[in-house]
Each structure stands twice: as C-alpha cells, then as structure tokens.
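Undergrad: The following block contains the structure, expressed as structure tokens.
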Amino acid sequence: MDPSAPDAHDEPFLSDLLVAIRFYSRLPVPRLSGEKNPYRLPDFDRITPILPLASLIIALPATLVLIAADYCLSSLLAASLAIATQLLVTGAFHEDGLADVADGFGGGHDRASRLTIMTDSRLGTYGAAALILSLIIRILALASLLELEGGPEAGLLWLCAAPLSRVIGLFPMMLLDNAKPDGKAAQVGKAGRKSFAMALILAILIAFVLPLGIEADMGPLALAIVLALLSPLPLLNLAKKLIGGQTGDVAGAAQQIAEITFLLALSAHWAG
C-alpha cells in the first residue's frame, strides 16, 4: 500500500486538516479512528486547499505569546519570545529550508554539489548567516509593530502572514520542475491548479479580512500582500538556474522570504 495514500474514513475535511498540521508543525494532533498511517507524507493536492486554515492553527500559539508578552515585557523581548514559540511549534521547518538553500546556492560550484550540500544536515556559514538574518529581521519587524500598534493589532497582522506565506511557499512546487526526481518534493506530488487557486484565494481573503477588526488601511495592506506574492520570484529564477528546479528546501526558503517581506512592508507602513 502507498504510505502516502489517504485513509478511508467519514471525516475527510478533518483528516486533511490534521495531516496538514502534522506535516507543517510539531503540535500534538489526535489520531482519528480509521487512520492507519497518521504520519504519512501528505497528498498536496488534497491538503493544499485547507492549508490556510491549518496555518492559522499553527500560528495561533506564537500569536498569543506575542500579545500576552507585550503586556509585561519590552517589545523586543515579546517579539523574541513569539518567534521562539513559532520555532518550537514548527520545528524550524521553513528555517531549515532557508539555511539549506543558502548553503547550497552559496557554497556549491555546480548543480550536483549544490544538491549534495542542501541534503547535508550540517549547517554552513551561508546557512547560518541566512538563518540569523531571518530571525533578527522578523524579531525587529514584530517589535516595530508592537511599539506602534500594540499587542492585539500586531498579533492580528502577524497572523495574516501565516496562511499567505505558506501558500506562497508552494510557488516553487507549482512553477518549477522537481530538481531531484527521487526527492521528498517529488514524493508528495504537486497540487492541482484548482487546489492551489483555492488556497491562494483563501489566504489572500484571510489577510484582508482579519485586519478589518483593527480598521487597518486596506491600501498599504494590499501593497504588503502584493509584495509578498512577488517576493519569491528571484529565488525561483535562481533555483531554476542553479539546480534546475525546486526542492522542499526551496519551498521553505520561499515561505521565509514571503513572511519577511510581508512584515517589512507592514512595518514600513505603520512606521509612516
């Protein structure tokens, strides 16, 4: 039996949601009756439409930490604790991809060596630098939002980034061929155009609807969304040129770039 094949049961929506949460996070997820292999690799055509909702659940603990910590700690400490919580919840899932891409693209001299470096579990100089910069930029951007808008408002804006950036993280899967035919990215398959379109529309709607409660200015928010959508395009061009396609690490790096771009765009707006 294919280990990635979905189990047969009466709750496909809930099952797909749990599979997405398990894949993208370390959150404890109950096992449904009838699930023979709950930790199987997901079928991305099935879980992609539900990914925005799973992303909100995954992001909620870190968002609550951000809001609560802002009441008793400095903005910088609150933002640091929130990012630390995010790393714990996700297992640094996307950060690992960013670091591997930076090491491979920066340290390899040809396609084969780049792919070999990207599969190496050791962290190199390029990867460490990319990881440190990602953490610093996100912490400072969140601290800026906290100082200018307060905990609940900043938390809500950050929550918007979760579904948007994770769906953007699927851009490499949709727009590039697999760099490794036997890699994990190839094993999970590609989301269909309809599934991906549904996820992207839902993620954008969430990013517009959630800030309505704080009466956010829709113009600058729309600009932040557009910039996030465009942000991974240079990475995709680089991946096609340097490794001939995409891997799961490229998807993780795309998510990180999108989240950073979204936060920086919002920080620039609110600071203005």
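The values are calculated or read from the model by the stated rules, or taken from the named source; none is laboratory data. This structure is a prediction, so every number in the text was calculated from the model and none was measured. Ideal geometry is used to build each Cβ from the backbone, glycine not excepted, and the neighbour counts take in all protein chains shown.
Undergrad: Just one of 123, 135, 60, 115 is farther than 18 Å from residue 243 by Cβ, of a type in the set (A, V, I, L, M, F, W, C) and out of contact with any Leu (no Cβ under 8 Å at 6 or more places or on another chain); which is it?
TA: Details: 123 fails: out of contact with any Leu (no Cβ under 8 Å at 6 or more places or on another chain); 60 fails: out of contact with any Leu (no Cβ under 8 Å at 6 or more places or on another chain); 115 fails: farther than 18 Å from residue 243 by Cβ.
After applying the criteria, what remains is 135.
Undergrad: Now for a different question. Only one residue in 207, 222, 265 is of a type in the set (A, V, I, L, M) and either free of Cβ contacts under 8 Å to residues at least 24 places away in the same chain or within 19 Å of residue 97 (Cβ to Cβ) (or both), so which one is that? Before you say what the answer is, go through the steps one by one.
TA: Numbers: 207 fails: either free of Cβ contacts under 8 Å to residues at least 24 places away in the same chain or within 19 Å of residue 97 (Cβ to Cβ) (or both); 265 fails: either free of Cβ contacts under 8 Å to residues at least 24 places away in the same chain or within 19 Å of residue 97 (Cβ to Cβ) (or both).
On inspection, the qualifying residue turns out to be 222.
Undergrad: Of all residues in region 221-237, count the ones that are assigned to a helix (DSSP H, G or I) and either hydroxyl-bearing (Ser, Thr, Tyr) or exposed (fewer than 15 other Cβ atoms within 10 Å of the Cβ) (or both).
TA: Step one: of region 221-237, the residues assigned to a helix (DSSP H, G or I) are 221-230, 233-237.
Filter once more, keeping what is either hydroxyl-bearing (Ser, Thr, Tyr) or exposed (fewer than 15 other Cβ atoms within 10 Å of the Cβ) (or both): 222, 226, 230, 233-234, 237.
Qualifying residue count for the region: 6.
Undergrad: Wholly within region 1-85, which helices (runs of 4 or more DSSP H) include no fewer than the required count, namely at least 3 residues that are modelled with pLDDT of 90 or more? Full working, then the answer.
TA: Details: elements: 12-24, 44-47, 51-70.
Correct list: 12-24, 51-70.
Undergrad: Here's a check for you: in region 238-252, which residue that is within 19 Å of the chain's Cα centre (by Cα) and part of a helix (DSSP H, G or I) is nearest to residue 157 (Cα to Cα)?
TA: 252
Undergrad: Against the condition hydroxyl-bearing (Ser, Thr, Tyr) and at pLDDT 95 or above, how does residue 134 come out, does it pass? Write out each step before concluding.
TA: Working: hydroxyl-bearing (Ser, Thr, Tyr): yes; at pLDDT 95 or above: yes.
Spelling it out, residue 134 is indeed hydroxyl-bearing (Ser, Thr, Tyr) and at pLDDT 95 or above.
Undergrad: Could you grab the pairs with beta carbons closer than 9 Å, sequence gap of 6+ or different chains, first residue in region 149-164 and outside any helix (DSSP H, G or I), second one surrounded by fewer than 24 Cβ atoms within 10 Å (Cβ to Cβ) and among the β-branched types (Val, Ile, Thr)?
TA: 150/67
Undergrad: Looking at 71, 39 in this structure, which one is more than 30 Å from residue 239 (Cβ to Cβ) and not aliphatic (A, V, I, L, M)?
TA: Values: 39 fails: more than 30 Å from residue 239 (Cβ to Cβ).
When all the criteria are applied, what remains is 71.
Undergrad: Could you give me the residue pairs with C-beta distances under 8 Å whose first residue belongs to region 167-188 and is within 13 Å of residue 240 (Cβ to Cβ) and modelled with pLDDT under 85, whose second residue is among the small types (Gly, Ala, Ser) and part of a loop (DSSP other than H, G, I, E, B) wherever it lies, and which are 6+ apart or on separate chains?
TA: Between residues of region 167-188 that are within 13 Å of residue 240 (Cβ to Cβ) and modelled with pLDDT under 85 and residues that are among the small types (Gly, Ala, Ser) and part of a loop (DSSP other than H, G, I, E, B), the close pairs are 179/244; 179/245.
Undergrad: Can we say residue 212 is assigned to a helix (DSSP H, G or I), out of contact with any Ser or Thr (no Cβ under 9 Å at 6 or more places or on another chain) and surrounded by 15 or more Cβ atoms within 10 Å (Cβ to Cβ)?
TA: Numbers: assigned to a helix (DSSP H, G or I): yes; out of contact with any Ser or Thr (no Cβ under 9 Å at 6 or more places or on another chain): yes; surrounded by 15 or more Cβ atoms within 10 Å (Cβ to Cβ): no.
No; evaluated as a whole, the condition is false for this residue.
Undergrad: Quick test of your reading of the structure: residue 195 fulfils all but one of (1) at pLDDT 90 or above; (2) in contact with a Lys or Arg (Cβ under 7 Å, 6 or more places away or on another chain). Name the failing condition by number.
TA: It is condition (2) that residue 195 fails.
Undergrad: Follow-up question, since we're still on this one. Being within 15 Å of residue 131 (Cα to Cα) and not small (Gly, Ala, Ser) is the filter; apply it to region 78-87 and report the residue that is surrounded by the most Cβ atoms within 10 Å (Cβ to Cβ).
TA: Quick first cut of region 78-87, residues within 15 Å of residue 131 (Cα to Cα) only: 80, 83-84, 86-87.
Then keep just the ones that are not small (Gly, Ala, Ser); that gives 83, 86-87.
Working: 83: 20, 86: 26, 87: 16.
By that ranking, first place goes to 86.
Undergrad: I've got another one for you. Regarding region 100-113, can at least one residue be identified that is charged (D, E, K, R), over 21 Å from residue 72 (Cα atoms) and crowded, with 21+ Cβ neighbours inside 10 Å? Give the derivation first.
TA: Our first condition is that a residue be charged (D, E, K, R); within region 100-113, this holds for 100, 103, 110-111.
Narrowing the set further to residues that are over 21 Å from residue 72 (Cα atoms) leaves 100, 103, 110-111.
Adding the requirement that they be crowded, with 21+ Cβ neighbours inside 10 Å leaves 100, 103.
Looking for residues that are charged (D, E, K, R), over 21 Å from residue 72 (Cα atoms) and crowded, with 21+ Cβ neighbours inside 10 Å, one finds at least one in region 100-113, hence yes.
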